[in-house]
Each structure stands twice: as structure tokens, then as C-alpha cells.
């Protein structure tokens, strides 16, 4: 079973970041699986746990099936675990980072990466999370939109006014970085908010290609059922604190981590605040472990001078491994 080994050496200025839904793409983790037996084993373990060839879906698609939330969530977790397994095979054992954080779904990967949650349990839990979110979206369709050029307090106030006017649901789903906020809610209320946001001076308000109002109260039915699955899943203290999406607070106690996993399904992902908190705690290096470069791009917008690594292919693995060796003097 894939499990991570951490050496006693710590790198308190390093944070591991794990991507969320939207970073998936056909071909992800293929180069890692070809170059690193440990990465291939992690993906094959996911195939066995879930009972279908998730790895082939990652490598070959089709894209519409990979993008389906019930597949995208375990696929992203597996691809990110494969990347971390590749890094471990380069180093022999991993240094303990100062912090870990994951964007939405990535919070589950963060728990697996820190040995707080067993990898098979994580796969099954996010597969169920995706199923419940899809089901909730079918019962109560919603939408999401990206808002560029307005700060989060302004967006939140306009959403509150729209919700009060319609009696419906719309709220900030993701505060990703200054000037980039995502809102989520029922269609009528969100469309009202979108119009008001444009009138308030947003540079752009762009509907996203989803029919699920993630990180909003429309996910309450999913959250209630997911809570039972989370309670049934063993969770241990992580090897490094996990920055919570909803509070931007570092968590290390299993009960608090359980509460966070439930809360983030209906609550906002406070990514800007999380990265600002990481910086305040002395983090100066951010390594995005898994597909894409969304999170390091957001870090750049939050603090341009932060050192950033992307660990999605063999070159990225080797670059971070070399930096870690230099820092540890080995």
C-alpha cells in the first residue's frame, strides 16, 4: 500500500500544495508512471481500490469522462499521490514540510500525503464525495462564475444583497487570490449577482462550465451524507499541519480535520487567506504536487517573491528533489 516515509529532517519554510478539481487533464501522471515504478504502483493501487482502470482514464481519457466529477476527484488524488511517490523515490524519504494545504478536493490529498488518511480510504471517500456532489447538483441545479477585478469583501456583499432580494442562494465559493473570486449559487440568484458585480466595476464576470454549485448551501444534502462517510474513515494526526480551506488555520487534531472536510463542501475556500497565513508562518517555498500549475500561479499573484515548484512530471520531481537535497546538505 502506498504510504509516505518522512525523515526526521524538517524544512519549516516549505509547503506542499495539492490541486483541486479543474487541474485534471488527459495524459496527467503518464510520464511519472513511465519514469518511476513508485508512481506507477500508486496509480495501479487506485485501479485496484476503485475497481476500474482509473490510470487509463488519466492517461488516455476520454476527456468528458475524466472531467465527470465522480472520476475527476479520485483521478486528481491518485495523480498527486503518484507525484509525491515519485519525489519520495528520488529522495528515499521525504522531509517534513512546515505546512501542507490543498484546494478543495486537494485537502483530501493533503491528508493522504501526511499519513493522516490511508490512500485507499482517501480514494473511496473522494469517489463518494464526487457522487454525492453530482447527485446534489442534479436535484438542485446551480452554477458558478469567476469574478475578476473586485476584492472579496465587495463580492461577498453583492452576493448577500442578491440572496436577500431573491430568497435564494449565492455566496463566495473561492477567494483564490486578490482580484480573482469565484461565486456559487442557484441560477436565478447568481445571474442577479453577476449583473450587479458587472455594474460594480468587475473587469470580467465569467460563468463556469459546471452545473454544480460547489461550496454553497446547495451542497448541504451532499455534506450531510458525506459526514457519515467521513466519520467512518480513520483519520490520524498529520505529520505536518494542514491549512484549513474554510478558516486558513493550521490543523493537526483529527476531530478538527473531520469537521473541516465536512465544512468545506458548503463553505468558502479561503485560499488567499491561507497563503497569507502560510507566509506569516515563515513559508517561503511552495511546491504544487500534482497536475497543473494553478496553485503556484495563485501564489505568484499573492506574493511574487515566493519560490515555487511544480511537481507534475519527472523534470519537476528532479528539480524539487535537488533543491531539497541542497537545503538538507546532502
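The values are calculated or read from the model by the stated rules, or taken from the named source; none is laboratory data. Because the structure is predicted, anything quoted here is derived from the model rather than measured. Every residue, glycine among them, receives a Cβ derived from its backbone with ideal geometry; neighbour counts consider all protein chains shown.
Residue-by-condition table, conditions (1) touching a strand residue (DSSP E or B) at 6+ places or on another chain (Cβ under 6 Å); (2) surrounded by fewer than 23 Cβ atoms within 10 Å (Cβ to Cβ); (3) within 16 Å of residue 20 (Cβ to Cβ):
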position	(1), (2), (3)
211	no, yes, no
224	no, yes, no
231	no, yes, no
243	yes, no, yes
254	no, yes, no
267	no, yes, yes
270	yes, no, yes
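Does region 221-264 hold any residues that are in a helix (DSSP H, G or I) and either in contact with a helix residue (DSSP H, G or I) (Cβ under 6 Å, 6 or more places away or on another chain) or in the same structural domain as residue 146 (by TED's automatic domain parsing) (or both), and which are they?
The initial filter retains those residues of region 221-264 that are in a helix (DSSP H, G or I), namely 221-231, 254-264.
Selection gives 221, 222, 223, 225, 226, 227, 229, 230, 258, 261, 262.
Could you grab me the full set of residues in region 92-103 that are under 16 Å from the mean Cα position of the chain (by Cα) and either surrounded by fewer than 23 Cβ atoms within 10 Å (Cβ to Cβ) or closer than 19 Å to residue 11 by Cα (or both)?
Quick first cut of region 92-103, residues under 16 Å from the mean Cα position of the chain (by Cα) only: 99-103.
99, 100, 101, 102, listed by residue number.
In region 25-59, which residues are within 23 Å of residue 134 (Cα to Cα) and either surrounded by fewer than 22 Cβ atoms within 10 Å (Cβ to Cβ) or touching a strand residue (DSSP E or B) at 6+ places or on another chain (Cβ under 9 Å) (or both)?
Correct list: 25, 26, 47, 49, 50, 51, 52, 53, 56.
Among the residues of region 298-318, which ones are more than 18 Å from residue 20 (Cα to Cα) and in a loop (DSSP other than H, G, I, E, B)?
303, 304, 305, 306
Looking at 195, 276, which is the one that is surrounded by fewer than 22 Cβ atoms within 10 Å (Cβ to Cβ) and without any contact (Cβ under 8 Å) to a residue 12 or more places away in the chain?
Numbers: 276 fails: without any contact (Cβ under 8 Å) to a residue 12 or more places away in the chain.
Exactly one of 195, 276 is surrounded by fewer than 22 Cβ atoms within 10 Å (Cβ to Cβ) and without any contact (Cβ under 8 Å) to a residue 12 or more places away in the chain, namely 195.
Do you know which residues across region 316-330 are touching a residue at least 12 places away in the same chain (Cβ under 8 Å) and either more than 22 Å from the chain's Cα centre (by Cα) or surrounded by fewer than 20 Cβ atoms within 10 Å (Cβ to Cβ) (or both)?
Matches in region 316-330: 318, 321, 323, 324, 325, 327, 328.
Of all residues in region 198-209, count the ones that are more than 23 Å from residue 22 (Cβ to Cβ) and touching a residue at least 12 places away in the same chain (Cβ under 8 Å).
Matching residues across region 198-209 total 2.
Using beta carbons and a limit of 7 Å, which pairs, at least six apart or on different chains, have the first residue in region 298-315 and in the same structural domain as residue 177 (by TED's automatic domain parsing) and the second one surrounded by 17 or more Cβ atoms within 10 Å (Cβ to Cβ) and at pLDDT 95 or above?
Hits for this filter: zero, empty list.
Quick one: is residue 124 within 29 Å of residue 268 (Cβ to Cβ), part of a helix (DSSP H, G or I) and either at pLDDT 95 or above or out of contact with any strand residue (DSSP E or B) (no Cβ under 8 Å at 6 or more places or on another chain) (or both)? Let's see the steps before the verdict.
Working: within 29 Å of residue 268 (Cβ to Cβ): yes; part of a helix (DSSP H, G or I): yes; either at pLDDT 95 or above or out of contact with any strand residue (DSSP E or B) (no Cβ under 8 Å at 6 or more places or on another chain) (or both): yes.
Criteria met by residue 124.
All but one of (1) assigned to a helix (DSSP H, G or I); (2) buried (at least 18 other Cβ atoms within 10 Å of the Cβ) hold for residue 283; state the number of the condition that does not hold.
For residue 283, the exception is condition (1).
Residues that are in contact (Cβ under 8 Å) with a residue 40 or more places away in the chain and under 21 Å from the mean Cα position of the chain (by Cα): list the helices (runs of 4 or more DSSP H) wholly contained in region 1-91 that include at least 2 such residues. First the steps, then the outcome.
Values: elements: 30-35, 37-50, 54-60, 63-67, 69-91.
Where helices (runs of 4 or more DSSP H) fall fully within region 1-91 and carry at least 2 residues being in contact (Cβ under 8 Å) with a residue 40 or more places away in the chain and under 21 Å from the mean Cα position of the chain (by Cα), they are 37-50, 63-67, 69-91.
If a residue must be without any contact (Cβ under 8 Å) to a residue 40 or more places away in the chain and either in a helix (DSSP H, G or I) or touching a strand residue (DSSP E or B) at 6+ places or on another chain (Cβ under 7 Å) (or both), how many such residues does region 139-168 contain?
Step one: of region 139-168, the residues without any contact (Cβ under 8 Å) to a residue 40 or more places away in the chain are 151, 153, 156-157, 159-168.
In the following step, the residues that additionally are either in a helix (DSSP H, G or I) or touching a strand residue (DSSP E or B) at 6+ places or on another chain (Cβ under 7 Å) (or both) were identified as 153, 156-157, 159-166, 168.
Total meeting the criteria: 12.
Taking the stated definitions as given, is residue 295 over 19 Å from residue 129 (Cβ atoms), touching a strand residue (DSSP E or B) at 6+ places or on another chain (Cβ under 9 Å) and assigned to a helix (DSSP H, G or I)? Spell out how you get there, then give the answer.
Working: over 19 Å from residue 129 (Cβ atoms): yes; touching a strand residue (DSSP E or B) at 6+ places or on another chain (Cβ under 9 Å): yes; assigned to a helix (DSSP H, G or I): yes.
It is true that residue 295 is over 19 Å from residue 129 (Cβ atoms), touching a strand residue (DSSP E or B) at 6+ places or on another chain (Cβ under 9 Å) and assigned to a helix (DSSP H, G or I).
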